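Here is the structure we will look at, set down as structure tokens.
The values are calculated or read from the model by the stated rules, or taken from the named source; none is laboratory data. Just so you know, these numbers come straight off a predicted model, no measurement behind them. When we count neighbours, we look across all protein chains shown, and the Cβ atoms used for this are built from the backbone with ideal geometry, even at glycine.
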Amino acid sequence: MVKYLQDHIPKNTQFNRRTSYEMHPTYLTIHNTGNSTSSARNERNWLTNPFNKRTASFHIIIDENEAIECIPLNEVAWHAGDGNGDGNRRSIGIEICESGNYEQTLENAVQLVASMLRKRGWGVDRLRRHYDWSGKICPRLMYDSGKWTGWHKFVAAVDTQLKEVNDILQFEHDYQWKQLGDALDGLYRVGEINDYTWAEKAYTRKLTQSELAWINTILYARGKGIAV
Ligand SMILES: [Zn+2]
């Protein structure tokens with residue numbers, strides 16, 4: 001998971017960038033910074049730079065190395081261009097940097113967004129583009145001349161991540177992972193299963209319910225003399 005840190009801009013930041021308006025978010029809105037060279041740190045610092053004269057802000061900025069929360073997620077920020085509409089008033093604005101290793105940045109954004117949805121019990125139907133609120137071509141790197149190919153790929157990647165992680169086994173105690181790993185390791189050693197990946201996935205806490213159901217069924221069938 002990408003490094004996530006809070007570095008909130010001060011409450012007295014000029015141009016009303018800290019609104020102090022309470023927000024109960026119901027959406028996550030995705031942006032690109034529109035700046036091909038600025039990092040997350042640059043963008044965070046720009047919010048408090050005296051030369052910045054725009055009444056614009058966002059909650060989270062993410063790049064290839066880190067995500068920085070600049071405004072509390074329960075406070076209104078000005079990022080959606082829809083005035084007092086739901087974009088500004090009910091959505092968390094996430095800016096994706098365009099600098100550096102953009103592939104890595106996108107991967108980080110997928111992980112972050114999936115984890116934010118998961119925490120809230122939300123699905124990808126909660127995702128919006130800046131474009132959805134005010135028609136601005138943003139996130140611009142996902143635009144593809146109006147086909148929004150990058151956007152659809154992004155949403156699909158978040159959805160996949162969400163489902164994968166949701167399917168990972170959950171145990172009350174950590175030792176249960178080791179126990180499961182030892183069981184699969186033992187089954188591998190006696191030749192009952194021929195792929196050590198399963199034991200590794202248990203030891204690293206990544207085994208999913210689907211995988212375990214599959215392993216169990218295969219082992220059960222083999223135990224009955226069925227050649228699978
Ligand atoms: Zn935007």
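Collect the residues in region 86-109 that are free of Cβ contacts under 8 Å to residues at least 60 places away in the same chain, more than 14 Å from the ligand (Cβ to nearest atom) and not hydrophobic (A, V, I, L, M, F, W, C), keeping them in residue-number order. Of everything in region 86-109, those that are free of Cβ contacts under 8 Å to residues at least 60 places away in the same chain, more than 14 Å from the ligand (Cβ to nearest atom) and not hydrophobic (A, V, I, L, M, F, W, C) turn out to be 101, 102, 103, 104, 105, 107. Are any residues in region 94-118 surrounded by 18 or more Cβ atoms within 10 Å (Cβ to Cβ) and among the charged types (D, E, K, R), and if so, which ones? Within region 94-118, 95, 98 qualify.
In summary, residue 168 fulfils each of the numbered conditions (1) at pLDDT below 95; (2) over 20 Å from residue 121 (Cα atoms) with the single exception of condition (2). If I filter region 1-57 down to residues being among the aliphatic types (A, V, I, L, M) and touching a strand residue (DSSP E or B) at 6+ places or on another chain (Cβ under 7 Å), which single residue comes out as surrounded by the fewest Cβ atoms within 10 Å (Cβ to Cβ)? Checking each candidate, the answer is 5. The residues on offer are 9, 61, 71, 30, and the sole one that is part of a loop (DSSP other than H, G, I, E, B) and within 16 Å of the ligand (Cβ to nearest atom) is 71.
Would you check which residues across region 126-154 are in contact with a strand residue (DSSP E or B) (Cβ under 9 Å, 6 or more places away or on another chain) and away from the ligand (no atom under 16 Å from the Cβ) and list them? Residue satisfying the conditions is 126 alone.
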